[in-house]
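The values are calculated or read from the model by the stated rules, or taken from the named source; none is laboratory data. Everything numeric in this text was worked out from a predicted model, so none of it was measured. Backbone-built Cβ (ideal geometry, glycine too); neighbour counts: all protein chains shown. Protein only, heavy atoms only, side chains kept; ligands, DNA and RNA dropped before computing areas. Shrake-Rupley method; radii C 1.70, N 1.55, O 1.52, S 1.80 Å.
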Amino acid sequence: MTKFSKYVGLDTHKDTIAVAIAEAGQSKPRYYGEIANTPEAVAKLVKKLSPQGEVLSFCYEAGPCGYGIYRQLTHLGHDCVVVAPSLIPVKPGDRVKTDRRDSESLARLHRAGELTAVWVPGPEQEAVRDLTRAREDTKALERQAKQRLSAFLLRHGRLYAAGKTKWTKAHGEWLMTLTFEAPSQQIVFQEYVDIVAHLAGRVAALEEEMVRVLDTFSLAPVVRALMALRGVSLITALTVVAEIGDLTRFTSPRQLMAYLGLVPSESSSGATTRRGGITKTGNGHVRRVLTEAAWCYRFPARKTAHLQRRAGDTSDPVQAIAWKAQKRLCGRYQHLLRAGKIKVQVCTAIARELTGFLWAIACTV
């Protein structure tokens, strides 16, 4: 572990930053004060704390302010750590919380090596991650709009009986045949329909952008290799790589599973062992898409034409891992069902094992 002369804790907010300094060899951190959350104020702070150019170590909590401070400090040649807020040690009996106390606590814990750093994406990685999250957000808005339209039709007794599946071409043609006696209700209906169509177009545009950005993405080979797996399409593969980055930075697949919160929680003491549901810590975006991908393994293992076209651009070792994963996970899905597990638990278990195959493919690429 590298030693520094000063450890600086930054409690960041939208407009201000509370600063505390823990110097090596001193027991108690000292509160420096509050500065504006601007690049100019941060650069001025660095000059005051390091007049001779010595390297300092900064830390602040990950949050909505992003990684601008991290990139500025590292560009100036200093060490900086972005801390996971959920893993900061907290005294249960300490009920007083202020910006000053938070900054002093960050400085003290950072000097002691008690803080857990998060992975900071590069500018390219962050741009792709913003794209995948924007598509996810827009898809959620589209789903809400569809639910509101369906609720409106249900209130007025307009039920789609021509088919079991909604939001198909036939369902859209059926919607266009509906009329309402009250002019205001007809306007409301048309507005709901237009909102659904507009959001569907926005989702399609974002998905087209995901296809386009893949051609210039530095981790595109990993994305295409992951698409050889059953249930892992472009959206899933790009989300995984955009959120995690280099999967090989994890030393083992178990470490990656724990990072995604797919391992069981535990509360054991003495001779008593208690295990509960998954921890749900870490990146929820990746956990969601992997759980959705796990549903595809409820069918028997087979190499479909669509899957073979996706896997055709990958190497033989990647295709071998993908086929091994399909045989393993399809059999595992049926085994867990026969054991009496509910489908939600089965999909979670399959998603956990699928994570291991993702890691193996990334190591191969």
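Would you check which residues across the stretch 324-365 are in contact with a Ser or Thr (Cβ under 9 Å, 6 or more places away or on another chain) and polar (S, T, N, Q) and list them?
348, 364, listed by residue number.
Give the residues of the stretch 26-66 that are open to solvent by less than 20 Å² (accessible area, probe 1.4 Å), hydroxyl-bearing (Ser, Thr, Tyr) and farther than 15 Å from residue 111 by Cα, sorted by residue number.
50
Kindly check whether there is at least one residue in the stretch 186-201 that is touching a Ser or Thr at 6+ places or on another chain (Cβ under 6 Å), small (Gly, Ala, Ser) and under 30 Å from residue 354 (Cα atoms).
Checked the stretch 186-201: no residue is touching a Ser or Thr at 6+ places or on another chain (Cβ under 6 Å), small (Gly, Ala, Ser) and under 30 Å from residue 354 (Cα atoms).
Hey, can you tell me all the residues within the stretch 332-342 that are in a helix (DSSP H, G or I) and surrounded by 13 or more Cβ atoms within 10 Å (Cβ to Cβ)?
332, 333, 334, 336, 337
Only residues in the stretch 77-103 that are acidic (Asp, Glu) count as the first member; pair them with residues that are open to solvent by less than 30 Å² (accessible area, probe 1.4 Å), Cβ under 6 angstrom, at least 6 apart or cross-chain, and list the lot.
79/57; 99/11; 99/18; 102/11
Residue by residue through the stretch 154-164, note down the ones that are part of a loop (DSSP other than H, G, I, E, B), among the charged types (D, E, K, R) and open to solvent by 90 Å² or more (accessible area, probe 1.4 Å).
Of everything in the stretch 154-164, just one residue is part of a loop (DSSP other than H, G, I, E, B), among the charged types (D, E, K, R) and open to solvent by 90 Å² or more (accessible area, probe 1.4 Å), namely 164.
State yes or no: is residue 142 surrounded by 13 or more Cβ atoms within 10 Å (Cβ to Cβ), at pLDDT 95 or above, out of contact with any Phe, Trp or Tyr (no Cβ under 7 Å at 6 or more places or on another chain) and assigned to a helix (DSSP H, G or I)?
For residue 142, the condition - surrounded by 13 or more Cβ atoms within 10 Å (Cβ to Cβ), at pLDDT 95 or above, out of contact with any Phe, Trp or Tyr (no Cβ under 7 Å at 6 or more places or on another chain) and assigned to a helix (DSSP H, G or I) - is met.
Got a sec? Which helices (runs of 4 or more DSSP H) wholly within the stretch 165-279 have at least 2 residues that are polar (S, T, N, Q), over 30 Å from residue 298 (Cβ atoms) and open to solvent by 50 Å² or more (accessible area, probe 1.4 Å)?
183-214
If you go through the stretch 57-75 one residue at a time, do you hit one that is of a type in the set (Val, Ile, Thr) and closer than 25 Å to residue 279 by Cβ?
Within the stretch 57-75 (the criterion being of a type in the set (Val, Ile, Thr) and closer than 25 Å to residue 279 by Cβ), the answer is no, since none of the residues qualifies.
From the list 162, 182, 170, exactly one residue is touching a residue at least 12 places away in the same chain (Cβ under 8 Å), over 33 Å from the mean Cα position of the chain (by Cα) and farther than 23 Å from residue 131 by Cα. Which is it?
The conditions single out 162.
Kindly provide the set of residues from the stretch 87-136 that are among the polar types (S, T, N, Q), open to solvent by less than 40 Å² (accessible area, probe 1.4 Å) and within 30 Å of residue 238 (Cβ to Cβ), ordered by number.
Answer for the stretch 87-136, where residues must be among the polar types (S, T, N, Q), open to solvent by less than 40 Å² (accessible area, probe 1.4 Å) and within 30 Å of residue 238 (Cβ to Cβ): 125, 132.
Collect the residues in the stretch 263-276 that are touching a strand residue (DSSP E or B) at 6+ places or on another chain (Cβ under 6 Å) and modelled with pLDDT of 85 or more, keeping them in residue-number order.
First, pick out the residues of the stretch 263-276 that are touching a strand residue (DSSP E or B) at 6+ places or on another chain (Cβ under 6 Å): 264-266, 275-276.
Correct list: 264, 265.
Got at least one residue in the stretch 238-251 being over 16 Å from the mean Cα position of the chain (by Cα), at pLDDT 95 or above and of a type in the set (Lys, Arg)?
no
Please go through the stretch 295-331 and pick out each residue that is more than 21 Å from residue 363 (Cβ to Cβ) and either crowded, with 17+ Cβ neighbours inside 10 Å or among the β-branched types (Val, Ile, Thr) (or both).
Residues satisfying the conditions are 296, 297, 304, 307, 330.
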